[in-house]
Amino acid sequence: MYPMLQVPSPDASAIAINAGFFGSLVLSLCTAIMSLQCRTWLDGYQAYRLGSCDRDSKDALLEACRIRQYRYRGLMKYKILDAAGSAGPMLIYTSFIFFFIGLVVFLLTLHVPIAIAIIALLGTFLVGYVLTSIIPSFTSEAPYKTPLSQSLGALYRAARKGQMPSRQLNELAEAADVRKQQSTLDTEILSWLAVHAKRTAIQETVKEYLVLKREPVV
């Protein structure tokens with residue numbers, strides 16, 4: 001009836017751009033606030049240090065140890081370390097995805113070749129990220145450990161064993177690999193000590209042991 005007063009609805013690209021950018025902004029702020037919260041929680045655990053008590057008093061040391069253990073048990077019970085190590089990174093990763101969705105849609109509306117170049121760069125990064133997240137699922141020796149890779153590893157090992165997913169499965173797999181390679185690892189440790197130990201007596205003792213085992217010093 002009054003065409004001049006009608007406000008046209010935004011097109012799909014404008015909605016996607018704003019959703020991506022503002023979604024990224026909100027998630028980034030949530031991550032920052034959560035980081036402050038986690039820092040406050042951990043500061044509460046460290047507030048009563050053993051070094052601050054009277055070391056000459058047996059009762060004071062005992063009380064400090066009890067408080068430390070009590071607070072540590074609380075950290076484990078309420079999964080504070082899991083919240084700090086998993087939720088925060090996942091939020092920032094999601095924020096990253098939202099931002100690049102908004103950026104790519106924005107560039108597509110401006111200049112397609114630039115958008116294609118950005119998509120190619122982003123795709124290369126994502127391929128590397130996915131690969132480094134998947135590799136630790138199959139071998140615990142891979143150092144590419146992130147919250148996502150730990151979760152994928154737990155799912156993979158749980159599926160193989162027919163159990164519920166748990167990060168403890170990753171730790172058990174790593175411990176099993178260490179036991180299998182115990183002899184090799186011991187030799188590598190001793191070889192490193194033979195070369196890098198600061199005390200000559202330690203170097204000589206280790207070298208003598210390696211000679212008896214007929215292992216090369218690396």
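The values are calculated or read from the model by the stated rules, or taken from the named source; none is laboratory data. Since the model is a prediction, treat every value here as computed from it, not as a measurement. Every residue, glycine as well, gets a Cβ built from its backbone with ideal geometry; the counts of neighbours run over all protein chains shown.
Does THR94 satisfy the condition of being over 22 Å from PHE21 (Cβ atoms) and either touching a Phe, Trp or Tyr at 6+ places or on another chain (Cβ under 6 Å) or in a helix (DSSP H, G or I) (or both)?
Working: over 22 Å from PHE21 (Cβ atoms): no; either touching a Phe, Trp or Tyr at 6+ places or on another chain (Cβ under 6 Å) or in a helix (DSSP H, G or I) (or both): yes.
Here the answer is no, as THR94 does not meet what is asked.
Kindly check whether there is at least one residue in the stretch 83-90 that is at pLDDT 75 or above, exposed (fewer than 14 other Cβ atoms within 10 Å of the Cβ) and either part of a helix (DSSP H, G or I) or not aliphatic (A, V, I, L, M) (or both).
Kept after step one, since they are at pLDDT 75 or above, are these residues of the stretch 83-90: 87-90.
Next cut, exposed (fewer than 14 other Cβ atoms within 10 Å of the Cβ) only: none.
No.
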| query | So which of LYS145, LYS207 ends up being at negative phi, of a type in the set (Lys, Arg) and at pLDDT below 80? | reply | LYS207
| query | Given LEU193, LEU185, which one is surrounded by 14 or more Cβ atoms within 10 Å (Cβ to Cβ) and aliphatic (A, V, I, L, M)? | reply | LEU193
